[in-house]
Amino acid sequence: MATIRLGDYNRLRVVKEVDFGVYLDGFEEGEILLPTRYVPKGLKPGDDIDVFIYLDQDERLIATTERPLVKVGEFGFLEVSWVNQYGAFLHWGLMKDLFCPFSEQKKKMEIGNHYLVHVHIDEESFRIVCSAKVERYLSKDIAPYRHNEAVDLLVWQKTDMGFKVIIDNTYPGLVYENQIFRPVHSGDRLRGYIDQVRGDGKIDVMLQPSGHQQAIDFADALTDYLIAHGGHCPYGDKTDPETIKQVFGVSKKTFKRGIGDLYRRHVIIIEDDGIRLTNP
């Protein structure tokens, strides 16, 4: 028999309608209410619907069609809504806020501030809670990544060396300062690329693919820029690296490689005042 995944999405069948919503088949958990405010028009007994299952104020299972910012087993960058004598409550996109007890806070959380947390089910209370002590939820296994492999990143925090990130919701990594060519903030979700997995398991990450693939990717972006700007770009070989970084979010080296790739393919011509599409 199927089981309910608490703190996750479930596809459940409507078993009956009531004045305050519909009840869904929760298998061994019994019937689960989907309140009226979340019931799509035309939904009737026998229909299946995708819902998120969590606990209401009375710790009963309840369904919603709202999509939380994070689900059980994931990391998220969430804002504190309120604090009481037991801990902090963070907004995660649902009516009931997410609880972080004081024991799971690195420092006392304050209303209005955002914190990186891991969402999980407390083994003792069976409640959905979160923890700011995220290190304990990151894998310590050696990651099976290859150089230049694309990954999903959640930016964790700034360090003297760059930014700590969480890779694919599983592994810790680091993006070095000299690899960052655009504004980056804690909580950002970005596409990244593996530079290397070190012998001690630490992972170096880039925000752009390296080598030839990076040049190809930027060449496509530069073509889009040219099309959007009437076929002309006022930047070229003599433009200073900081301007290139601010405008395009890449290094001067990548910029020159992209220009070279487009020039060899006869997509552009190089002029004194920049570059221009051959067929704008």
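The values are calculated or read from the model by the stated rules, or taken from the named source; none is laboratory data. Source: prediction; values computed, not measured. Neighbour counts run over all protein chains shown; Cβ positions are idealised from the backbone, glycine included. With ligands, DNA and RNA removed, areas are computed over all heavy atoms of the protein, side chains included. Shrake-Rupley method; radii C 1.70, N 1.55, O 1.52, S 1.80 Å.
A few notes on this one:
- Partners of Lys252 within straight-line reach, counting aspartates and glutamates whose Cα lies under 12 Å from its Cα and excluding those fewer than 8 residues away in the same chain: Asp237, Asp240, Glu242.
- Cα-based reach from Lys253 at 22 Å (exclusive), listing lysines while leaving out same-chain residues under 8 positions away: Lys238, Lys245
- Relative contact order (%) - criterion: Cα under 8 Å, at least six apart; region: the stretch 223-280: 41
- The alpha carbons of the stretch 176-280 stretch over 50, 26, 23 Å along the principal axes, in descending order.
- Loop-located GluC sites (Glu not before Pro) across the stretch 39-84 with a Cβ neighbour count of 11 or fewer within 10 Å are Glu59, with loop assigned by DSSP.
- When you restrict to C-alpha pairs under 8 Å that are six or more residues apart and normalise by the size of the chain, the relative contact order lands at 10 percent.
- What you get for the stretch 88-130, charging only the Cβ of Lys and Arg (+1) and of Asp and Glu (-1), is a dipole of about 180 debye around the Cα centre.
- The stretch 11-153, accessible surface, carbon-and-sulfur percent (1.4 angstrom probe): 48
- The stretch 1-65, Rg to Rh (Cα coordinates; Rh as Kirkwood inverse mean 1/r): 0.92
- Relative to the longest principal axis of the Cα atoms of the chain, the long axis of helix 252-264 makes an angle of roughly 70 degrees.
- Computed over the stretch 1-46, relative contact order equals 35 percent, with contacts defined as Cα pairs under 8 Å that lie 6+ residues apart.
- The label point for Ser103 and the one for Ser186, both projected 7 Å from the Cα toward the Cβ, are 2.4 nm apart.
- Over all directions, the projected convex hull of the C-alpha atoms in the stretch 58-188 averages 10.0 nm² in area.
- Share of carbon and sulfur in the accessible heavy-atom surface of the stretch 162-280 [1.4 Å probe, %]: 50
- Relative frequency of Cα-Cα separations exceeding 32 Å in the chain, percent: 47
- Part-to-part distance (alpha-carbon centres) for the stretch 18-48 and the stretch 146-167, which is given in Å: 41
- Above 20 Å, the calculated P(r) of the stretch 29-123 contains 43 percent of its Cα-Cα pairs.
- Phi-based couplings in Hz for the stretch 185-198 (Karplus 6.51, -1.76, 1.60; Gly and Pro marked x): 9, 4, x, 5, 10, 10, 8, x, 9, 6, 8, 7, 9, 6
- Here's the list of lysines a cross-link from Lys107 could span, going by alpha-carbon distance under 25 Å and ignoring same-chain residues fewer than 8 apart: Lys71, Lys96, Lys133, Lys140, Lys158, Lys164.
- For the stretch 111-212, convex hull of alpha carbons as volume per residue, Å³: 126
- The stretch 66-91 versus the stretch 197-256: alpha-carbon centroid distance in Å: 36
- Highest-MSF residue in the chain out of His229, His91, His118 [GNM, Cα springs under 10 Å]: His229
- For the chain, the per residue solvent-accessible surface stands at 56 Å², with DNA, RNA and ligands left out and a 1.4 Å probe.
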